[in-house]
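The values are calculated or read from the model by the stated rules, or taken from the named source; none is laboratory data. Model, not experiment: these values are computed from the prediction. Here the Cβ positions follow ideal geometry from the backbone for every residue, glycine too, while neighbour counts run over all protein chains shown.
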Ligand SMILES: [Zn+2]
């Protein structure tokens, strides 16, 4: 165990191979969007799962189901895990782990954390990613977000938290489609694909979901024992920043003034030349420090000047995930590729920030006077 204390976030692969932290799935979604119904189903179909619930007042878990559970359940009560009781998440996970080690509770193999409907996922991620004790024993596998087919459109319009929950998702579960018109469902699907191009969307009726659909969503796939960048990053699903991002203001205002999300844009930035590590770090620090509310999410595979291996970066608002160094490039494309989901931030500004700070400007502006 001593070796784990010194585990270096840069060498996450080695750590994962020598020791298998338990995967955590963060289940989020706006009020009434069917999180608990999905959880009720997963309790029955996904054995050896520990459940941490922070939802109150909505559909209670069926007591008979609870008795059938062969994993433990803990309630994060007394407030919302993203704000008023954020400090209780780490101790609750620690208690579960200790009870598991002592054999007081079944040896669960994964954890699902259900947040309140209004929770901002970023503070919860912050807790999970930056507590060294937890990071040595658990790994965040992915974020699953339920979206209500009937009320989702209105919730995305009215509540920034709902947008954040969609932006941070690795998998979107569209619920209650049987109660919505085909037109409503189609419009919502299109909107979600624009908000978060990389997240696969599946339809879930009455909570019935294949447990495999919510597992192995992150960079690391426990099934294949590999870091799967292409599946996770999906840069091809984003519009390049310079081509005018999807949801870009000018195009939208000219074409369809009634369209939603004129302030939200998803786009990619590709930089040809290897980047200066410290310059890139400065640029990303500026965004995560001063524009956290505008930076809903970014993901990247980057080619650094002093680094023969590619490095994977990931950030949500103010939260930076630990950097992951890959053994090799996933394909022949060795350019740095970033994808962003932002609110009220100009894609051109971000591209310029990245190129200026990371020394990549020459690749695109070789002929421009400096
Ligand atoms: Zn909260």
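General remarks:
- Filter result for the condition that a residue is in contact with a helix residue (DSSP H, G or I) (Cβ under 7 Å, 6 or more places away or on another chain) and at pLDDT 85 or above, over 52, 76, 65: 52
- Filtering the range 92-124 to residues that are more than 21 Å from residue 215 (Cβ to Cβ), touching a helix residue (DSSP H, G or I) at 6+ places or on another chain (Cβ under 8 Å) and within 12 Å of the ligand (Cβ to nearest atom) leaves 117, 118, 119, 120, 122, 123.
- Counting only strands (runs of 3 or more DSSP E) that sit completely within the range 130-232, those holding 2 or more residues that are within 19 Å of the chain's Cα centre (by Cα) and free of Cβ contacts under 8 Å to residues at least 60 places away in the same chain correspond to 171-175, 200-204.
- All positions within the range 99-120 that are out of contact with any strand residue (DSSP E or B) (no Cβ under 7 Å at 6 or more places or on another chain) and under 11 Å from residue 74 (Cβ atoms): 99, 105
- Beta carbons closer than 7 Å, at least 6 apart along the sequence or on distinct chains, pair a first residue in the range 68-87 that is on the phi > 0 side of the Ramachandran plot and in the same structural domain as residue 41 (by TED's automatic domain parsing) with a second that is surrounded by fewer than 17 Cβ atoms within 10 Å (Cβ to Cβ) and modelled with pLDDT of 80 or more for 78/85; 79/85.
- Condition check for residue 89: touching a strand residue (DSSP E or B) at 6+ places or on another chain (Cβ under 8 Å), more than 16 Å from the ligand (Cβ to nearest atom) and part of a helix (DSSP H, G or I): no
- Hits in the range 97-129 (condition: part of a loop (DSSP other than H, G, I, E, B), without any contact (Cβ under 8 Å) to a residue 60 or more places away in the chain and surrounded by fewer than 16 Cβ atoms within 10 Å (Cβ to Cβ)): 103, 104, 107
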